[in-house]
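K.L.:
One structure follows; several queries about it will come next.
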Amino acid sequence: MAILAILAAVVAWPHAAPEPVLAGNDDPADRTRANDVSTALAGEIDRHIRAQWAKAGLKPSDAATDAEWLRRLRIDLTGTVPTPDEIIAFVKSKSANKRVEKIDELLASEEWPVHWGSQLSAAFVGRGSTGQDGRGAFISAFMIDWFVNELASGRGYDEVMGELIRTEGWMDEEGNGSVAFYVRYPGAAEVSGAISRLVFGTQIQCAQCHDHPYTDTTQKDFFGMAGFFARTQQRRVNLKKKPNKKPDAKPGEKPAEMPRRGGYMDGGGMQRPGPGMDGEDIRGMMLDRIRQRMREGRRWGVQETRSGEIRIPKPGDTDREMIVRTPNAVFRPDVIDPTFIDGTMPKRKSGKNRRDQLASLISAEGSELFSKAQVNRIWAAMFGRGIVDPIDDLEAGATHPELLATLAKGFEDSGYDLRSIIRAIALSDTYALSSVPNESNAGDAEHYARSYLRPLPPEALFGSLMRATGVDEVAAGEAAGTTVREQLRKRRQKGKRGARRKTLNPRDAIRMRLQLLQRFIYAFDDDEGLEALDYESSIPQALMFLNGELTNRGVEAGIAQVLEEALAGRNDDEARIQHVFLRSVGRLPEKAEMRQVTKMLKSAEGDDARRQVFEDVFWALLNSSEFFFNH
């Protein structure tokens, strides 16, 4: 779990705040084309959805307020709640295009690939505890890094998934994190089921032992897909048996040292970020350390061999016995030729290996499985349920089949650009509806006549808690060499009200983030990478972050800053109460809430008692369902 915590810190660590730029190396012409596609798609989304409202006799909810819409968008795109300053600036803006501008700003930020990369990694390989030999943490670490870099590059998602299917090499090699997928699913049967479900939105794993009882999928269909991976082998080297030899060292040579990226070594030999290090430095440093630890233990990889055919196993056969590697095995009558889900059978002598052949079917003319599966996954991330539900089983049927086909076509027209579909959804009037139901749509669960309440995924919940409590600002300040104690001392010298002296030293600020994320990921982890969480179980799990002396000091240090902003930077209680509400739930207090808090403040005697009132209100808001849900 220690490595998992390192991974989590890499993903969630606050980045520097550069001027908004396009994520990756997008060609301006390609970006213009993708934006044109998304703008047109937004109108198509609303047209299809409204047609279904008319058929179902539903009246949509009112439009969400600017503050509600901004919070929803921020969480969906970057996994954090907006800051008070961001909310105020957005609400006050008179720009007619402010929502379009905000969408483009967030999609161009480096926060977007980090959040969506971590979500995709969770769906593809879980969140880090899979495997009984410690490899789960490594798998998650490299898979997240790979997804983040791929999304930031601006490549088409068809190319990204094509690389995932055909990848080879060692998992710890620079830029080769996609190998982690084959380490997570080591056998032909396992990986074919995962690829079918995650890439093509088709459940075939139930046909591994027998024909599917409820669909037309046969056992032969399952092993036809597995045939694409019959020549794929996982490689593992146990370096502990040979401590003096490293994979990158030739006989007689000294093993290469891992690059040093700045920072310092703590008492346990762990490299820590130094002053001025940005998010990219921190991510690289953490992965360097993981690579070093892998080279001191086990190393995993994947390779494509020249032989290997799949056959339907007999009762009692092992997974290894279903692969035939004898000469001329391809001509055996019990061997199944590689066959795609839709029945497409590549030529045996095409000059491509089996996985290359499968990758080429992603964007093959007439094949819509990939496009439909991916836009359905995006839709589910933005609305809380897919047009097809479950999201990885297209045969379950779509509630809006014409809309799904339209989105899939738009995805293809955009060059398979994820951001284009996200942008289209975010621009739509459907996405901008309030979550408050009316009499007409209170029972609606599939027509999107209102915004559905959805619990935050663990990464977004963690990021939002860190943002709201100010812990991310504490950690960022510590990494930059400016302690909270110094910040508060400077404020007091300027005549502002002092705050409690709850501070962290630089080492503890980093340890705190590792500790918090380790608990979060461990509590929420599941081997299948489920996208949704049950609210009743997520509340106690999330609140584990309150336990522990180190954690409490970190949260208190962050809150010290939050309350300092509320108390010292504002002249009246109304403004202070408003700041606490904006910081936590992203809105201004209602009249009844303002009266209640004002009454509590009037009954408090002395500055310490008044401060305690603000702190109690803040904690109550953080523990509310309003905070733990996107709405």
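K.L.:
Is it true that some residue in the range 351-362 is touching a strand residue (DSSP E or B) at 6+ places or on another chain (Cβ under 7 Å), modelled with pLDDT under 85 and either over 30 Å from VAL100 (Cα atoms) or of a type in the set (Val, Ile, Thr) (or both)?
P.N.:
no
K.L.:
Also, quick follow-up: Only one residue in GLU68, GLU86, GLU19 is acidic (Asp, Glu), over 30 Å from ALA137 (Cα atoms), open to solvent by 60 Å² or more (accessible area, probe 1.4 Å) and modelled with pLDDT of 95 or more, so which one is that?
P.N.:
The conditions single out GLU68.
K.L.:
Taking the range 194-232 as the region of interest, how many residues are in contact with a strand residue (DSSP E or B) (Cβ under 7 Å, 6 or more places away or on another chain) and buried (at least 19 other Cβ atoms within 10 Å of the Cβ)? Spell out how you get there, then give the answer.
P.N.:
Taking the range 194-232 as the starting set, the residues that turn out to be in contact with a strand residue (DSSP E or B) (Cβ under 7 Å, 6 or more places away or on another chain) are 220, 223-224, 226-227, 230-232.
Retained after the next criterion (residues that are buried (at least 19 other Cβ atoms within 10 Å of the Cβ)): 223-224, 226-227, 230-232.
Result for the range 194-232: 7.
K.L.:
Right, here's the next one. Consider LYS102 carefully, then state whether it is part of a loop (DSSP other than H, G, I, E, B) and over 19 Å from ALA380 (Cβ atoms).
P.N.:
Criteria not met by LYS102.
K.L.:
Would you mention how many residues in the range 160-217 are closer than 24 Å to GLY316 by Cα and among the hydrophobic types (A, V, I, L, M, F, W, C)?
P.N.:
8
K.L.:
Additional query: Looking for whichever is more than 30 Å from ALA63 (Cβ to Cβ) and either open to solvent by less than 10 Å² (accessible area, probe 1.4 Å) or of a type in the set (Lys, Arg) (or both) here; the options are GLY79, GLY136, GLY154, GLY175. Which one fits?
P.N.:
Step by step, each of GLY79, GLY136, GLY154, GLY175 is checked, and only GLY136 is more than 30 Å from ALA63 (Cβ to Cβ) and either open to solvent by less than 10 Å² (accessible area, probe 1.4 Å) or of a type in the set (Lys, Arg) (or both).
K.L.:
Could you list, in sequence order, all residues of the range 50-82 that are more than 28 Å from SER464 (Cβ to Cβ) and either in contact (Cβ under 8 Å) with a residue 12 or more places away in the chain or outside any helix (DSSP H, G or I) (or both)?
P.N.:
GLN52, TRP53, ALA56, GLY57, LEU58, LYS59 - these are the residues of the range 50-82 that are more than 28 Å from SER464 (Cβ to Cβ) and either in contact (Cβ under 8 Å) with a residue 12 or more places away in the chain or outside any helix (DSSP H, G or I) (or both).
K.L.:
Output the number of the condition that ASP334 fails; it satisfies all remaining conditions of (1) surrounded by 13 or more Cβ atoms within 10 Å (Cβ to Cβ); (2) in contact with a Lys or Arg (Cβ under 8 Å, 6 or more places away or on another chain).
P.N.:
(1)
K.L.:
In this structure, is GLU110 more than 15 Å from the chain's Cα centre (by Cα), open to solvent by 60 Å² or more (accessible area, probe 1.4 Å) and more than 24 Å from PRO589 (Cα to Cα)?
P.N.:
Judged against the criteria, GLU110 is not a match.
K.L.:
Within the range 307-331, how many residues are open to solvent by 40 Å² or more (accessible area, probe 1.4 Å), of a type in the set (Gly, Ala, Ser) and modelled with pLDDT under 80?
P.N.:
Taking the range 307-331 first, the residues open to solvent by 40 Å² or more (accessible area, probe 1.4 Å) are 307, 312, 314-321, 325-328, 331.
Imposing the further condition that a residue be of a type in the set (Gly, Ala, Ser) reduces the set to 307, 316.
In the following step, the residues that additionally are modelled with pLDDT under 80 were identified as 316.
Number of matching residues: 1.
Matching residues to (1) open to solvent by 10 Å² or more (accessible area, probe 1.4 Å); (2) among the small types (Gly, Ala, Ser); (3) over 14 Å from ARG377 (Cα atoms); (4) not in a helix (DSSP H, G or I):
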position	(1), (2), (3), (4)
GLU395	yes, no, yes, no
GLU402	yes, no, yes, no
LYS409	yes, no, yes, no
TYR416	yes, no, no, yes
ILE425	no, no, no, no
THR430	no, no, yes, yes
PRO437	yes, no, yes, yes
ALA442	yes, yes, yes, yes
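K.L.:
Among the numbered criteria (1) crowded, with 24+ Cβ neighbours inside 10 Å; (2) at pLDDT 90 or above, which single criterion is violated by VAL191?
P.N.:
Only one criterion is unmet by VAL191, namely (1).
The values are calculated or read from the model by the stated rules, or taken from the named source; none is laboratory data. Being a predicted model, the structure only gives us computed values, none of them experimental. Cβ atoms come from the backbone with ideal geometry, glycine included; neighbour counts cover every protein chain shown. Heavy atoms of the whole protein, side chains included, go into the accessibility calculation; ligands, DNA and RNA do not. Shrake-Rupley method; radii C 1.70, N 1.55, O 1.52, S 1.80 Å.
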